[in-house]
Amino acid sequence: MNIRTVLAFAIGPIATAGLGLLTVPVIAWVFPPADVGRLNIVQIAVSFGVLLFNLGLDRAYVREYHEWKDRGALLKACFAPGFALLLLTMVVTLPIDDQLANWLFGLGHVGYYWMLAACVVVSFISRFLSLILRMQDRGLAFSMSQILPKVVLLLTVLILALPAFSKTFVTLEAAYLISLVSVLLVYSLNTWREWKPALRARVSRARVRGLVNYGAPLIFAGVAYWGLDATSTLTLRSLSTLPELAIYSVSMSFAGVGVVFQAIFSVLWAPLVYKWVANGVDMRRVDHIAQQALAVVVAIWVLSGTLSWLVDFVLPAHYRQVKYLMLCCIGEPLLYTLSEVTCVGIGITRRSMLSLWSTVVALVVNIALSVWLVPDHGASGAVVANAIAFLVFFIARTEASAYVWRPFPRARLYTFVTASVGLSIATLVFGPHAPIHFSLVWLALLPLAIGCFRAEWVEMYRSLLAAMKPQRICPEPDGGPGTLP
């Protein structure tokens with residue numbers, strides 16, 4: 001994969017994170033904390049809907065893309081079953097829509113629920129259309145489609161900040177829906193040549209069953225991962241208060257640097273690995289990439305700890321705790337991203353049940369710790385439980401991959417990620433009372449983060465320079481040994 005393609009895909013996550021750093025403070029200033037917490041519930045519910053109803057077939061689409069000749073048929077086979085189930089579920093929930101609205105938001109108006117249902121439908125369709133752009137390496141179109149909803153949401157919230165508009169949850173949820181619809185329109189225009197033939201494509205039941213058999217374990221793994229991700233939100237909603245949920249939600253939003261890394265890497269990594277497998281590439285290069293990814297993870301963690309005090313300048317006083325919480329929050333995207341490298345053997349060997357069990361183990365840890373910590377510590381307890389659970393998630397996926405695929409060096413990985421989680425929790429517990437500002441402690445760790453990974457930084461720098469050369473006499477295969485995709 002050439003540097004232009006990587007940069008094209010990187011534009012979206014980077015710009016999205018930057019816009020998020022603008023949008024989150026604006027929402028926090030304009031809307032009350034309770035409504036900010038409710039918006040987090042909407043986002044969690046939308047992610048659950050997409051994960052559940054796609055039946056694992058989005059992953060099947062990526063896995064089989066290079067092996068199906070009729071890609072329109074592949075798109076139809078992966079999209080249709082989940083979409084039909086989604087529509088059926090909406091019909092079934094019609095008689096209890098008011099109870100669902102009250103349970104989710106503490107507000108019994110049915111409009112809140114159906115607006116949420118619309119968000120799920122729009123996001124579901126957008127998910128599959130985005131995969132078309134990704135698999136065709138149309139990085140710029142993919143990135144623009146990520147940026148647009150953030151721009152629309154920011155502009156809409158700025159308009160709602162005017163005195164003429166009420167600052168209620170219905171307006172905030174409507175703004176979120178409008179942003180999702182905007183990206184669906186762009187995806188539809190950019191991919192019409194691919195999805196239009198899919199409408200007429202013929203697919204055999206046997207091939208659909210084959211896709212479902214691959215995706216079925218991923219349904220449970222996806223739902224389990226959603227539970228792992230959503231446990232903090234659900235326990236805060238049921239065992240704490242909406243203002244505490246708002247603090248947690250804003251803290252997660254400020255873990256944006258880690259989310260950027262996760263977004264870029266997740267978009268590039270899985271299709272690239274399966275392409276390597278299809279082409280018979282030596283997979284020992286994954287070991288080098290894992291160490292390079294670890295270097296980036298540690299650097300992002302340390303820099304976030306060094307600069308987190310800047311958050312106080314953009315948030316209302318109610319959110320002063322965020323600068324301590326965000327270091328535990330950043331562990332979620334960073335550890336997930338690193339696990340995507342180390343668990344590659346699970347996907348290569350098609351042992352997808354191991355993804356499920358790894359996630360279930362981490363989910364049980366998260367639930368147990370959240371139930372214990374959240375009632376007394378609120379958002380602080382939730383982020384600590386989340387950080388520890390994702391550490392377990394990373395270790396479990398890595399060990400499962402080493403077991404079913406091949407052994408690879410893991411001690412260095414475990415040492416650094418465990419130390420990062422431990423220091424983040426220590427910052428949350430002792431930071432507010434420490435005589436030395438906690439950011440100075442993280443700053444002191446920066447030379448260590450650079451020195452311990454000097455070889456990885458040098459190799460990544462050389463790979464970047466080589467990739468940026470306008471011409472090559474003897475081109476290397478995509479993603480040569482030791483390069484970060």
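The values are calculated or read from the model by the stated rules, or taken from the named source; none is laboratory data. Just so we're clear, the structure is a prediction, and the values are computed from it rather than from any experiment. Note that each Cβ is placed from the backbone with ideal geometry, even for glycine, and that neighbours are counted across all protein chains shown. When the accessible area is computed, the model is the full protein with side chains, heavy atoms only, and any ligands, DNA or RNA have been set aside. Shrake-Rupley method; radii C 1.70, N 1.55, O 1.52, S 1.80 Å.
Take residue 36 and decide whether it is of a type in the set (Val, Ile, Thr), over 30 Å from residue 192 (Cα atoms) and either open to solvent by 50 Å² or more (accessible area, probe 1.4 Å) or in contact (Cβ under 8 Å) with a residue 24 or more places away in the chain (or both).
Spelling it out, residue 36 is indeed of a type in the set (Val, Ile, Thr), over 30 Å from residue 192 (Cα atoms) and either open to solvent by 50 Å² or more (accessible area, probe 1.4 Å) or in contact (Cβ under 8 Å) with a residue 24 or more places away in the chain (or both).
Note down all Cβ pairs under 7 Å where the first residue falls in the range 422-443 and is part of a helix (DSSP H, G or I), the second is among the hydrophobic types (A, V, I, L, M, F, W, C) and open to solvent by 80 Å² or more (accessible area, probe 1.4 Å), and they're at least six residues apart or on different chains.
Listed pairs, sorted by first residue: 439/309.
Take the residues in the range 320-347 that are open to solvent by 10 Å² or more (accessible area, probe 1.4 Å) and within 12 Å of the chain's Cα centre (by Cα); name whichever of them is farthest from residue 275 (Cα to Cα).
332
Given the options 312, 376, 287, name the one that is at pLDDT 90 or above, acidic (Asp, Glu) and out of contact with any strand residue (DSSP E or B) (no Cβ under 8 Å at 6 or more places or on another chain).
When all the criteria are applied, what remains is 376.
Just need a number here: residues in the range 292-313 that are surrounded by fewer than 19 Cβ atoms within 10 Å (Cβ to Cβ) and either under 22 Å from the mean Cα position of the chain (by Cα) or not β-branched (Val, Ile, Thr) (or both). Before you say what the answer is, go through the steps one by one.
To start, the set of residues in the range 292-313 that are surrounded by fewer than 19 Cβ atoms within 10 Å (Cβ to Cβ) comprises 299, 303, 306-307, 309-310, 312-313.
Pick out the ones that are also either under 22 Å from the mean Cα position of the chain (by Cα) or not β-branched (Val, Ile, Thr) (or both) and you get 299, 303, 307, 309-310, 312-313.
Result for the range 292-313: 7.
Taking the range 209-225 only, how many residues are hydrophobic (A, V, I, L, M, F, W, C) and open to solvent by 40 Å² or more (accessible area, probe 1.4 Å)?
So the answer is 3.
Considering the range 39-74 alone, what residues qualify as being closer than 20 Å to residue 347 by Cα and either aliphatic (A, V, I, L, M) or more than 21 Å from the chain's Cα centre (by Cα) (or both)? Break it down into steps so the answer makes sense when it comes.
Start the filter on the range 39-74 by keeping residues that are closer than 20 Å to residue 347 by Cα, which leaves 51-52, 54-68, 74.
51, 52, 55, 57, 60, 62, 64, 65, 66, 67, 68, 74, listed by residue number.
With (1) modelled with pLDDT of 80 or more; (2) farther than 23 Å from residue 119 by Cα; (3) open to solvent by less than 30 Å² (accessible area, probe 1.4 Å) as the list, and residue 198 as the residue in question, which single condition is left unmet?
All conditions pass for residue 198, except number (1).
Quick one: which helices (runs of 4 or more DSSP H) sit completely within the range 307-379 and have at least 3 residues that are farther than 25 Å from residue 30 by Cβ and of a type in the set (Gly, Ala, Ser)?
353-377
In the range 451-463, what residues are in a helix (DSSP H, G or I), out of contact with any helix residue (DSSP H, G or I) (no Cβ under 7 Å at 6 or more places or on another chain) and of a type in the set (A, V, I, L, M, F, W, C)?
Selection gives 455, 458.
Out of 168, 156, report the one residue that is loosely packed, with under 15 Cβ neighbours inside 10 Å, at pLDDT 85 or above and hydroxyl-bearing (Ser, Thr, Tyr).
Numbers: 156 fails: loosely packed, with under 15 Cβ neighbours inside 10 Å.
Only one candidate qualifies: 168.
Being modelled with pLDDT of 85 or more and either more than 21 Å from residue 35 (Cα to Cα) or of a type in the set (Lys, Arg) (or both) narrows it down to one residue among 127, 138, 134; which is it?
Exactly one residue qualifies, and that residue is 127.
From the set of residues in the range 389-421 that are open to solvent by 40 Å² or more (accessible area, probe 1.4 Å) and not in a helix (DSSP H, G or I), which is modelled with the highest pLDDT?
410
Go through the range 61-71 and report how many residues are surrounded by fewer than 23 Cβ atoms within 10 Å (Cβ to Cβ) and either in a loop (DSSP other than H, G, I, E, B) or at pLDDT 80 or above (or both).
Result for the range 61-71: 6.
Keeping to the range 82-121, report how many residues are under 30 Å from residue 200 (Cα atoms) and open to solvent by 40 Å² or more (accessible area, probe 1.4 Å). Let's see the steps before the verdict.
Restricting attention to the range 82-121, the residues satisfying the condition of being under 30 Å from residue 200 (Cα atoms) are 82-92, 117-121.
Keeping just the survivors that are open to solvent by 40 Å² or more (accessible area, probe 1.4 Å) gives 83-85, 87-92.
Going through the range 82-121 one residue at a time, the tally reaches 9.
Of the residues 41, 125, which single one is assigned to a helix (DSSP H, G or I), in contact with a helix residue (DSSP H, G or I) (Cβ under 9 Å, 6 or more places away or on another chain), among the hydrophobic types (A, V, I, L, M, F, W, C) and open to solvent by less than 30 Å² (accessible area, probe 1.4 Å)?
Selected residue: 41, the only one of 41, 125 that is assigned to a helix (DSSP H, G or I), in contact with a helix residue (DSSP H, G or I) (Cβ under 9 Å, 6 or more places away or on another chain), among the hydrophobic types (A, V, I, L, M, F, W, C) and open to solvent by less than 30 Å² (accessible area, probe 1.4 Å).
Applying the selection to the range 171-195, what residues are open to solvent by 60 Å² or more (accessible area, probe 1.4 Å) and within 13 Å of residue 122 (Cβ to Cβ)?
Selection gives 178, 185.
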